[in-house]
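Here is the structure we will look at.
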Amino acid sequence: MKPDIKICGLKTPEAVDRAVARGASHIGFIFFARSPRHVEPDLAGDLADRVRGRVKLVAVTVDADDEELDDIVSMVRPDILQLHGNESPERVLQVKALFGLPVMKAFSVKEAGDLDRIDPYIGVADRFLFDAKAPAGSELPGGNGVSFDWSLMASLDEGVDYMLSGGLNKDNAVLALKSTRASGIDLSSGVESAPGIKDLGMIDAFFDAVADAGRKSA
């Protein structure tokens with residue numbers, strides 16, 4: 001089955017158009033003021049309208065309150081809410097009930113024990129995203145351009161549906177998919193020339209690498 005590919009942290013019409021034209025299945029907009037990829041909901045709504053119906057639209061938040069989520073949902077009309085903070089299982093259920101949208105819950109991973117934290121969320125979150133734990137000193141829960149040991153994913157129950165994130169780029173994304181059971185991958189910094197600046201050439205190079213790997217395995 002063809003893996004999902006999510007390009008996250010998009011801020012410009014050009015980057016949105018290129019990601020979708022090249023085959024992204026999901027695009028993500030980040031609503032977190034400390035991130036260089038932060039966008040305001042009205043701009044994200046305009047960008048989402050360019051490609052609505054052609055790709056899954058993901059709104060990424062970090063411990064957002066109801067008012068913030070309401071603004072995002074009303075302006076962006078996302079298909080999926082990605083919760084990338086310390087949201088409890090109860091909060092995930094509350095968000096799903098309030099907004100009627102599926103939730104992808106993100107977790108940071110460095111060692112095997114980090115995966116135990118998902119247990120209370122199984123059957124609550126609709127999908128998981130596993131990212132590398134932020135380096136010391138980083139204020140960002142994701143988008144730090146670092147990877148984790150993908151072999152840790154072998155311990156997960158086969159019924160857990162997840163996307164893989166953290167330091168993925170044109171050189172390692174195909175290997176990440178082959179060495180895990182991830183049903184999708186999430187890229188942000190791996191297609192940027194500087195933090196928050198998506199590079200159209202790097203987006204092309206990534207999708208070219210994926211296509212080339214597909215041809216070789218056919």
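Holding the Cα-Cα limit at 27 Å, pick out from K11/K178; K56/K198; K105/K216; K96/K170; K133/K216; K6/K178 the pairs that are longer than that.
Working: K11/K178 30 Å; K56/K198 19 Å; K105/K216 33 Å; K96/K170 34 Å; K133/K216 33 Å; K6/K178 17 Å.
Beyond 27 Å: K11/K178; K105/K216; K96/K170; K133/K216.
Write out the GluC sites (Glu not before Pro) in segment 72-132 meeting two conditions: DSSP loop, and at most 16 other Cβ atoms within 10 Å of their Cβ.
Values: sites: E87, E90, E111; in loops: E87, E111.
Within segment 72-132, the qualifying GluC sites (Glu not before Pro) (loop, at most 16 other Cβ atoms within 10 Å) are E111.
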| task | Would you mind checking which residues have amide H under 5 Å from D199's amide H? H placed 1.01 Å from N; only 5 or more apart, or other chain. | result | E192, S193
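Give me the percent of accessible area attributable to carbon and sulfur for the chain, probe 1.4 angstrom.
Values: 5060 of 9990 Å².
Roughly 51 percent of what the probe reaches on the chain is carbon or sulfur.
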| Where nothing but the Cβ of Lys and Arg (+1) and of Asp and Glu (-1) is charged, how large is the charge dipole of the chain around its Cα centre, in debye to the nearest 20? | 880 debye
| query | Based on Cβ point charges of +1 for Lys and Arg and -1 for Asp and Glu, what charge dipole magnitude is obtained for segment 1-126 about its Cα centre, in debye rounded to the nearest 20? | reply | 760 debye
| With every protein chain present, what is the per residue accessible area of the chain (1.4 Å probe, Å²)? | 46 Å²
| task | Output the DSSP H helices from the chain with an along-axis C-alpha extent of no less than 18 Å and a mean Kyte-Doolittle hydropathy no less than 0.0. | result | 200-217
| said: Can you compute 3J(HN,Hα) from phi for each residue in segment 105-121, using the Karplus curve 6.51 cos²θ - 1.76 cosθ + 1.60 with θ = phi - 60°, rounded to whole Hz and x for Gly and Pro? | reply: 9, 8, 9, 8, 10, 10, 9, 4, x, 5, 6, 5, 5, 7, 3, x, 9
| query | In sequence order, what are the phi-derived ³J(HN,Hα) couplings for segment 179-184 according to the Karplus relation 6.51 cos²θ - 1.76 cosθ + 1.60 with θ = phi - 60°, rounded to whole Hz, with x for glycine and proline? | reply | 9, 9, 9, 4, 8, x
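The values are calculated or read from the model by the stated rules, or taken from the named source; none is laboratory data. Since the model is a prediction, treat every value here as computed from it, not as a measurement. We place every Cβ from the backbone using ideal geometry, glycine too, and count neighbours over all the protein chains shown. To get the accessible areas, we keep the full protein, side chains included, count just its heavy atoms, and leave off ligands, DNA and RNA. Shrake-Rupley method; radii C 1.70, N 1.55, O 1.52, S 1.80 Å.
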